[in-house]
1. Would you mention how many residues in region 36-52 are in contact with a helix residue (DSSP H, G or I) (Cβ under 6 Å, 6 or more places away or on another chain) and not in a strand (DSSP E or B)?
2. Could you tell me how many of the residues in region 176-202 are part of a helix (DSSP H, G or I) and either surrounded by 12 or more Cβ atoms within 10 Å (Cβ to Cβ) or under 21 Å from the mean Cα position of the chain (by Cα) (or both)?
3. Quick one: how many residues across region 76-90 are in contact with a helix residue (DSSP H, G or I) (Cβ under 7 Å, 6 or more places away or on another chain) and at pLDDT 90 or above?
4. Can you give me the number of residues within region 109-140 that are of a type in the set (D, E, K, R), closer than 20 Å to PRO86 by Cβ and touching a helix residue (DSSP H, G or I) at 6+ places or on another chain (Cβ under 9 Å)?
5. Among (1) modelled with pLDDT under 95; (2) farther than 18 Å from PHE80 by Cβ, where does ALA143 come up short?
6. Just one of the numbered conditions (1) over 24 Å from ASP49 (Cα atoms); (2) touching a Gly at 6+ places or on another chain (Cβ under 7 Å) is not true of LEU169; which one?
7. Being in a helix (DSSP H, G or I), among the hydrophobic types (A, V, I, L, M, F, W, C) and either more than 19 Å from SER195 (Cβ to Cβ) or in the same structural domain as GLU58 (by TED's automatic domain parsing) (or both) is the requirement here; does ILE172 meet it?
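The values are calculated or read from the model by the stated rules, or taken from the named source; none is laboratory data. This is a predicted model, so every value here is computed, not measured. So basically every Cβ, Gly included, is an ideal-geometry build from the backbone, and we count neighbours across all protein chains shown.
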Amino acid sequence: MTEGKAMNFGDELNEALGMQTSYFPDLTPYQYGDNQHCPRVLRIGWLGDGAFAKKETENSELVKKIGAIKASIWPSIFHFNLVRGPISCQLCPKGNRAAFNTELLVQDFENSESYFGCPAMIDHLIQEHEYSPPDQFVRSVMALRLDQPFDAVVAFDEACLSTAAMRKLYEIRAKHLARAQDKPENTRYRRWLESRGFWPIK
């Protein structure tokens, strides 16, 4: 993280996601925070500005399904790691770059305890830059049900953090959002605490 100045949670998340525009091989485990690896969540589509395998295949159905995943609304939310500002595609020419400000979490079709995490503009990478994701990710996207409740924020945290760590983090977030109850996304932390008997905070 940036040295020499205090950073709040939003600043840290924005910087962390910005750093992820670097290249990571597909199926590399995520990292939560500075050094905690998360083997249950694998990266997809972190291409940076480097070379990657291209494959000219029919992808219209895949792109269409990703679009539906991105557009899905509560109670099925697949976006996580929302940041304040857009992060640009490093493969596009300067001055005309596509951008994203969240990631998508897709449950592994072959292992319900594991997930794939990708930039929300992965459909752009596939359609405009001929990126070909791993077959396991493609199968998982096409098999994903959009009519079942899913909260990517909570799922990602559960995959990467201990219950004790989640409790500590969610108590802070629930208190911070105590007066912002107009959207269900703002009550996710309190609902998680309630479901485990940690709320109200004693």
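1. Final tally of qualifying residues: 2.
2. 12
3. 6
4. Matching residues across region 109-140 total 1.
5. The single condition ALA143 does not satisfy is (1).
6. The number of the failed condition is (2).
7. So ILE172 does not fit the description; no.
Let's see how each residue does on (1) part of a loop (DSSP other than H, G, I, E, B); (2) within 22 Å of ARG40 (Cα to Cα):
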position: ALA68; (1), (2): no, no
position: VAL83; (1), (2): yes, no
position: CYS92; (1), (2): yes, no
position: GLY95; (1), (2): yes, no
position: LEU105; (1), (2): no, yes
position: SER114; (1), (2): no, yes
position: GLN136; (1), (2): no, yes
position: ASP157; (1), (2): no, yes
